[in-house]
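Engineer: Below is one structure. I have some questions about it.
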Amino acid sequence: MSKQWCERCGKPIAENSEDGHTYCDHGCEAAQALEPPRYCRWCGRRMKVQVLPDDWRAHCVEHGSRKSVPSA
Amino acid sequence: MSQTIEHARRTVLEHGQSLPEADIVELLSIPDEQLPEALQLAHEVRMRWCGPDVEVEGIASIATGGCPEDCHFCSQSGLFSSPVRSVRLDIPTLVEAARQTAASGATEFCIVAALRGPDEKMMSQLRAGIAAIRAEVEINIAASLGILTPAQVDELIDMGVHRYNHNLETARSFFGNVVTTHTWEERWDTLSLVRASVMEVCCGGILGMGETIEQRAEFAVQLAELDPHEVPLNFLNPRPGTPLADQPPLSAADALRAIAAFRLAMPRTILRLAGGRELTLGDLGTRDGLLGGINAIIVGNYLTTLGRPAVTDIELLGELKMPIKALSATL
């Protein structure tokens with residue numbers, strides 16, 4: 001599995017992580033519930049992020065744009 | 001009933017007067033077992049002097065990050081190593097943000113920019129953005145753009161902005177610990193310009209930045225002196241990369257004491273629960289706040305962080321039988 005980066009702090013996530021984590025530790029895991037991603041999980045670059053009342057949009061110059069998943 | 005709360009009952013509930021500073025200090029220091037009594041009194045004050053309506057607002061940032069100021073709580077300062085990158089909202093996305101806000105049931109939409117004060121380009125973008133919102137969305141529009149000139153106050157009125165937010169953030173005696181690139185007095189000057197206009201004044205701050213209980217009371221009194229239409233109460237959400245990143249969040253009990261105290265300092269104002277409430281108060285705290293003096297909330301996401309879904313707050317208001325303040329009541 002390729003190397004990944006924590007979406008909150010931009011630090012590398014342990015290699016061979018196969019559980020789909022997008023955070024590096026429990027502090028970042030807990031914080032992610034109330035924060036949009038700030039770093040691209042695939043390259044660790046800081047993203048441009050727009051937060052709207054109902055959603056967020058993030059853009060990585062290398063890996064393109066993402067939007068939040070609508071809440072049920 | 002405690003002596004402190006009984007005195008507050010006579011002063012504020014019966015006569016509608018602001019609680020004096022020494023009494024606010026006492027209220028901010030009451031033991032936990034007296035907190036329900038203080039919140040009940042603050043709720044009675046709010047119901048008597050403001051009524052049952054709750055003003056619901058959504059916010060969006062038109063200019064995020066890269067700010068030249070050094071507000072120590074803010075992840076949007078360009079002077080700190082924050083993960084927040086500079087980005088601007090285009091007009092269609094700004095209209096979408098207003099539409100999302102209106103769809104939640106909110107009647108107030110505040111457009112915010114992280115900057116010292118708006119330049120001509122920002123004012124031009126704002127004019128176009130507000131015109132686009134007014135053409136497509138029925139909602140009251142407020143703005144928060146930093147320090148203003150008299151001409152800019154007139155321009156905002158001409159655009160249809162009905163309320164202007166400019167937070168004093170904290171007590172005058174503590175401000176220098178939090179901001180060094182401008183002064184508390186500069187903020188007061190902008191507020192005075194807005195106060196002298198037909199726009200409504202929205203001014204609050206952030207609690208839990210290291211201020212003492214006495215400074216928290218000082219801040220409440222300074223806000224009462226300004227007599228704003230609205231006071232947003234934020235609780236510090238320590239942001240990575242900022243000088244306050246390691247400041248421990250306020251406890252829920254201290255936050256609720258502050259809500260009650262600020263209501264008793266300003267019996268007639270719109271007291272809004274704003275950023276940091278999810279971290280400091282949690283779900284139950286929002287209910288306690290609404291039953292403890294709060295009569296306005298920001299719903300949905302904040303400028304750079306996420307809130308709980310707007311529908312959760314709207315359902316809570318229904319459960320508490322608190323009607324959302326109607327659009328027509330503020331136009």
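The values are calculated or read from the model by the stated rules, or taken from the named source; none is laboratory data. Since we're looking at a predicted model, the values are computed, not measured. Every residue, glycine as well, gets a Cβ built from its backbone with ideal geometry; the counts of neighbours run over all protein chains shown.
Engineer: Scan the stretch B:176-193 and tell me whether some residue there is within 17 Å of the chain's Cα centre (by Cα), buried (at least 20 other Cβ atoms within 10 Å of the Cβ) and under 29 Å from B:GLU96 (Cα atoms).
Structural biologist: No.
Engineer: Can you find a residue that is polar (S, T, N, Q), touching a His at 6+ places or on another chain (Cβ under 8 Å) and surrounded by fewer than 23 Cβ atoms within 10 Å (Cβ to Cβ) anywhere in the stretch B:319-331?
Structural biologist: Yes, that holds for at least one residue.
Engineer: Right, next: What are the pairs, 6+ residues apart or on separate chains, where a residue within the stretch B:1-20 that is farther than 16 Å from B:ALA38 by Cβ has its Cβ under 6 Å from a residue that is β-branched (Val, Ile, Thr)?
Structural biologist: Note: pairs meeting the criteria are B:GLN17/B:THR11.
Engineer: Given the conditions (1) at pLDDT below 95; (2) within 26 Å of B:GLY176 (Cα to Cα); (3) not aliphatic (A, V, I, L, M), and given that B:GLY282 satisfies all but one, which numbered condition is not satisfied?
Structural biologist: (2)
Engineer: To continue, here is another question. Only one residue in A:GLY20, A:GLY44 is over 19 Å from B:LEU303 (Cα atoms) and either within 11 Å of chain B (Cβ to nearest Cβ) or at pLDDT 80 or above (or both), so which one is that?
Structural biologist: A:GLY44
Engineer: Within the stretch B:134-210, which strands (runs of 3 or more DSSP E) (wholly inside it) include 1 or more residues that are more than 21 Å from B:LEU223 (Cα to Cα) and without any contact (Cβ under 8 Å) to a residue 12 or more places away in the chain?
Structural biologist: Answer list for the stretch B:134-210: none.
Engineer: For the stretch B:154-174, give me each residue that is more than 21 Å from B:MET123 (Cβ to Cβ) and either in contact with a strand residue (DSSP E or B) (Cβ under 8 Å, 6 or more places away or on another chain) or among the acidic types (Asp, Glu) (or both).
Structural biologist: If the condition is that a residue be more than 21 Å from B:MET123 (Cβ to Cβ) and either in contact with a strand residue (DSSP E or B) (Cβ under 8 Å, 6 or more places away or on another chain) or among the acidic types (Asp, Glu) (or both), then B:LEU168, B:GLU169, B:THR170 are the ones that fit.
Engineer: May I pose another question? Taking the residues in the stretch B:310-331 that are out of contact with any Asp or Glu (no Cβ under 9 Å at 6 or more places or on another chain) and assigned to a loop (DSSP other than H, G, I, E, B) as candidates, determine which candidate is farthest from the other protein chains (Cβ to nearest Cβ).
Structural biologist: B:LYS321
Engineer: Continuing with this model, one more query. I'd like to check something: does the stretch B:60-70 contain any residue that is more than 25 Å from A:CYS9 (Cα to Cα) and touching a helix residue (DSSP H, G or I) at 6+ places or on another chain (Cβ under 7 Å)?
Structural biologist: no
Engineer: Do the conditions hold for B:GLY293, that is, is it among the small types (Gly, Ala, Ser), away from chain A (no Cβ under 13 Å) and touching a Lys or Arg at 6+ places or on another chain (Cβ under 6 Å)?
Structural biologist: The answer is yes for B:GLY293.
Engineer: I need the full set of residues from the stretch B:304-318 which are surrounded by 21 or more Cβ atoms within 10 Å (Cβ to Cβ) and over 25 Å from B:ALA261 (Cβ atoms), in order please.
Structural biologist: Scanning the stretch B:304-318 gives B:THR304, B:ALA310.
Engineer: Next question, about the same structure. When you look at B:LEU115, is it free of Cβ contacts under 8 Å to residues at least 40 places away in the same chain and either farther than 29 Å from B:ALA265 by Cβ or assigned to a loop (DSSP other than H, G, I, E, B) (or both), yes or no?
Structural biologist: no
Engineer: Would you say B:THR242 is in contact (Cβ under 8 Å) with a residue 12 or more places away in the chain and surrounded by fewer than 23 Cβ atoms within 10 Å (Cβ to Cβ)?
Structural biologist: no
Engineer: Separate question: Looking at B:GLU57, B:GLU37, B:GLU69, can you tell me which residue is among the acidic types (Asp, Glu) and assigned to a strand (DSSP E or B)?
Structural biologist: B:GLU57
Engineer: Also, quick follow-up: Only one of these is buried (at least 18 other Cβ atoms within 10 Å of the Cβ), in contact (Cβ under 8 Å) with a residue 12 or more places away in the chain and touching a helix residue (DSSP H, G or I) at 6+ places or on another chain (Cβ under 7 Å): B:GLY276, B:GLY292. Name it.
Structural biologist: Going through B:GLY276, B:GLY292 in turn, the sole match is B:GLY292.
Engineer: Search the stretch B:35-64 for residues that are within 14 Å of chain A (Cβ to nearest Cβ) and surrounded by 21 or more Cβ atoms within 10 Å (Cβ to Cβ) and pair each with any residue that is assigned to a strand (DSSP E or B) and of a type in the set (Asp, Glu) when their beta-carbon atoms are under 6 Å apart and the residues are at least 6 apart or on different chains.
Structural biologist: Cβ pairs passing all conditions: B:GLU57/B:GLU108.
Engineer: List pairs: first residue in the stretch B:86-99 and more than 9 Å from every other protein chain (Cβ to nearest Cβ) and surrounded by fewer than 15 Cβ atoms within 10 Å (Cβ to Cβ), second residue assigned to a helix (DSSP H, G or I) and of a type in the set (A, V, I, L, M, F, W, C) anywhere in the structure, Cβ distance under 8 angstrom, at least six positions apart or on different chains.
Structural biologist: If the second residue must be assigned to a helix (DSSP H, G or I) and of a type in the set (A, V, I, L, M, F, W, C), the pairs left are B:PRO92/B:ALA132.
Engineer: Tell me which residues, restricted to the stretch B:228-251, are away from chain A (no Cβ under 14 Å) and charged (D, E, K, R).
Structural biologist: Listed by number, the list holds a single entry, B:GLU230.
Engineer: Something else now. Can you tell me which residues in the stretch B:154-183 are farther than 19 Å from B:ASP227 by Cα and β-branched (Val, Ile, Thr)?
Structural biologist: Matches in the stretch B:154-183: B:ILE157, B:VAL161, B:VAL178, B:VAL179, B:THR180, B:THR181, B:THR183.
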